[in-house]
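Trainee: The structure that follows is given in the form of structure tokens.
The values are calculated or read from the model by the stated rules, or taken from the named source; none is laboratory data. Just so it is clear, the model here is predicted, and its values are computed rather than measured. Glycine also receives a Cβ, built like all others from the backbone with ideal geometry; neighbour counts cover every protein chain displayed. For the accessible areas, the whole protein counts, side chains as well, though only heavy atoms, and no ligand, DNA or RNA atoms are used. Shrake-Rupley method; radii C 1.70, N 1.55, O 1.52, S 1.80 Å.
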Amino acid sequence: MQNKKIAIIGLGYVGLPLAIEFGKKRKVIGFDIDKERIIQLEKKNDLTLEIKKHEFNAAIHLSFTVSKDDLKNCSIFIVTVPTPIDQHYRPDLTSLEKSSELVSSILKKGDIVIYESTVYPGATEEVCVPILERKSGLVFNKDFYCGYSPERINPGDTEHKITNIKKITSGSTPKITTEIDELYKEIVVAGTHKVNSIKVAEAAKVIENTQRDLNIALINELALIFNKLNIDTESVLKAAGTKWNFLPFKPGLVGGHCIGVDPYYLTHKAKAVGYNPEMILAGRKLNNNMGSYVAEQVTELMSKKGIQVINSNILIMGLTFKENCPDHRNTRVIDLIKKFKSFNCEVDTYDPWVDKNKFFNIHNIQPIDEPTKGKYDAIILAVAHDEFKALTSEQIRAFGKSNHILYDIKYLLKASESDGRL
């Protein structure tokens, strides 16, 4: 295994850090269909802000390409493409299927294909393997082998990186499982957890984030209840948190590439085998409705202060799915924006972390460069960026008119400093 050349298919939040770490140890080719992305990476510029220049310099065996012909001498293919959901919350495996087709066109006897993309249990062997066999003419577990090692990347997290997060590993035969496990041990200091089947590894991945989703849904529901009881949710959570085994979840908008997506992969498979996953879908429904709930709370507060909602000016601070990263995949702040617009409000969105042009191209919403002082009837703190944490309530309120509402989704301010919060 030590001399085998690796191809990383997909160089986003998952693939690039993986390519960098393996590139420190052995020959690696990073492949992506986005030519602009490859040009940037060759210049040691990562627009996701996950990889710094000195890390590129350390990956001395790493090169980048947009040509599949450059991958022909590789023996290990690691697929790290996105697996989103469509508008009907169904798994979209298009990128995974296309990547499997690409690999199949250059697959050789003895090669290993490892998938890291999030899927439902069984997808690797039921969807990807048939594509690899059909296109290559090779036989699974005789001519080539597969593995699954789920990604655990957390965008914007400088503490939990690929090398210090324990890695789940699996393979299509016991021998290949051991080989794949040894491969990842080369770069993962935290160690690995070897499981006995690909399906177990796939299932472990989807329940990691499904569990978090349900816990947040519970706290969101508690926040709705406490709001009706006129009880401050944060105070309740702090009090309950003094018990040693109370889990420290907070209410909020649940988006991103994992928590807001992975549960649908599990529920899709559950329905396919005849089981209706009521609790998981109930949690998803509740979390998906939080943007609308916040907008309704804000407009209710506005009405109580005599502020006309129609044609009002709203400022939303924060657009990414989490703090201190430029990632806005599946951000639920969009729900908030759409709800305000349905009330005929004028909405300005501000986020110092996002690429404004990219955001517009994807969401058809143009973020502003800077908020205007004295302009807004309502201000919503939607994401806990450090830039927003550094502001005082007075500095934030300066963006509002003399009579305005300040709503704090993320508990950035003291309860007394805002007009409302979850």
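Trainee: Within segment 339-371, restricting attention to residues that are open to solvent by 70 Å² or more (accessible area, probe 1.4 Å) and within 24 Å of Gln297 (Cα to Cα), which residue is farthest from the chain's Cα centre (by Cα)?
Mentor: Asn344
Trainee: Under 27 Å from Ser292 (Cβ atoms), without any contact (Cβ under 8 Å) to a residue 12 or more places away in the chain and either among the hydrophobic types (A, V, I, L, M, F, W, C) or touching a helix residue (DSSP H, G or I) at 6+ places or on another chain (Cβ under 8 Å) (or both): does that describe Ile231?
Mentor: So Ile231 passes the test.
Trainee: Can you find a residue that is touching a residue at least 24 places away in the same chain (Cβ under 8 Å), open to solvent by 50 Å² or more (accessible area, probe 1.4 Å) and more than 24 Å from the chain's Cα centre (by Cα) anywhere in segment 313-320?
Mentor: no
Trainee: State whether the residues of segment 258-270 include one that is open to solvent by 80 Å² or more (accessible area, probe 1.4 Å), under 30 Å from Asp419 (Cβ atoms) and out of contact with any His (no Cβ under 7 Å at 6 or more places or on another chain).
Mentor: Looking through segment 258-270, none of the residues is open to solvent by 80 Å² or more (accessible area, probe 1.4 Å), under 30 Å from Asp419 (Cβ atoms) and out of contact with any His (no Cβ under 7 Å at 6 or more places or on another chain).
Trainee: Then there's this: Could you please find all residues in segment 388-403 being in a helix (DSSP H, G or I), open to solvent by less than 80 Å² (accessible area, probe 1.4 Å) and within 24 Å of Arg332 (Cβ to Cβ)?
Mentor: Phe388, Ile396, listed by residue number.
Trainee: Please state which one of Leu315, Leu406, Leu319 is touching a Pro at 6+ places or on another chain (Cβ under 9 Å) and part of a strand (DSSP E or B).
Mentor: Leu315
Trainee: Go through segment 293-312 and report how many residues are surrounded by fewer than 19 Cβ atoms within 10 Å (Cβ to Cβ), in a helix (DSSP H, G or I) and more than 30 Å from the chain's Cα centre (by Cα).
Mentor: 4
Trainee: Of all residues being farther than 20 Å from Cys325 by Cα and in contact with a helix residue (DSSP H, G or I) (Cβ under 7 Å, 6 or more places away or on another chain) in segment 9-47, which is most open to solvent (accessible area, probe 1.4 Å)? Just the residue, please.
Mentor: Lys24
Trainee: If Ser105 satisfies every condition in (1) in contact with an Asp or Glu (Cβ under 6 Å, 6 or more places away or on another chain); (2) at pLDDT 95 or above but one, which is the exception?
Mentor: It fails just one condition, (1).
Trainee: For segment 322-338, how many residues meet the condition of being touching a Pro at 6+ places or on another chain (Cβ under 8 Å) and surrounded by fewer than 18 Cβ atoms within 10 Å (Cβ to Cβ)?
Mentor: Residues meeting the conditions: 1.
Trainee: Let me ask another. Suppose the filter is assigned to a loop (DSSP other than H, G, I, E, B) and either modelled with pLDDT of 95 or more or out of contact with any Cys (no Cβ under 9 Å at 6 or more places or on another chain) (or both); does Leu413 pass it?
Mentor: yes
Trainee: Follow-up. Among Leu253, Leu224, which is the only one that is hydrophobic (A, V, I, L, M, F, W, C), outside any loop (DSSP other than H, G, I, E, B) and in contact (Cβ under 8 Å) with a residue 40 or more places away in the chain?
Mentor: Sole residue among the options that is hydrophobic (A, V, I, L, M, F, W, C), outside any loop (DSSP other than H, G, I, E, B) and in contact (Cβ under 8 Å) with a residue 40 or more places away in the chain: Leu224.
Trainee: I've got another one for you. I want to confirm something. Restricting to segment 48-60 and keeping residues that are more than 21 Å from the chain's Cα centre (by Cα) and open to solvent by 70 Å² or more (accessible area, probe 1.4 Å), which single residue is farthest from Lys358 (Cα to Cα)?
Mentor: Ile60
Trainee: Could you run through segment 271-292 and say how many residues are open to solvent by 40 Å² or more (accessible area, probe 1.4 Å) and of a type outside the set (Gly, Ala, Ser)?
Mentor: Residues in segment 271-292 being open to solvent by 40 Å² or more (accessible area, probe 1.4 Å) and of a type outside the set (Gly, Ala, Ser): 9 in total.
Trainee: Taking Lys250, is it on the phi < 0 side of the Ramachandran plot and over 20 Å from the mean Cα position of the chain (by Cα)?
Mentor: No.
Trainee: I would also like to ask the following. Ser418 versus (1) open to solvent by less than 60 Å² (accessible area, probe 1.4 Å); (2) out of contact with any strand residue (DSSP E or B) (no Cβ under 7 Å at 6 or more places or on another chain); (3) free of Cβ contacts under 8 Å to residues at least 60 places away in the same chain; (4) within 30 Å of Val236 (Cβ to Cβ): which is the lone unmet condition?
Mentor: Among (1) open to solvent by less than 60 Å² (accessible area, probe 1.4 Å); (2) out of contact with any strand residue (DSSP E or B) (no Cβ under 7 Å at 6 or more places or on another chain); (3) free of Cβ contacts under 8 Å to residues at least 60 places away in the same chain; (4) within 30 Å of Val236 (Cβ to Cβ), Ser418 violates only (2).
Rundown of residues vs (1) open to solvent by 60 Å² or more (accessible area, probe 1.4 Å); (2) farther than 15 Å from Phe249 by Cα, yes/no style:
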| position | (1), (2) |
| --- | --- |
| Val189 | yes, yes |
| Thr192 | no, yes |
| Val195 | no, yes |
| Thr210 | no, no |
| Ile216 | no, no |
| Asn220 | no, no |
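Trainee: I would also like to ask the following. Those residues that are more than 27 Å from Glu300 (Cα to Cα), more than 27 Å from the chain's Cα centre (by Cα) and part of a loop (DSSP other than H, G, I, E, B), I need them from segment 227-244; list them, please.
Mentor: Thr242, Lys243, Trp244
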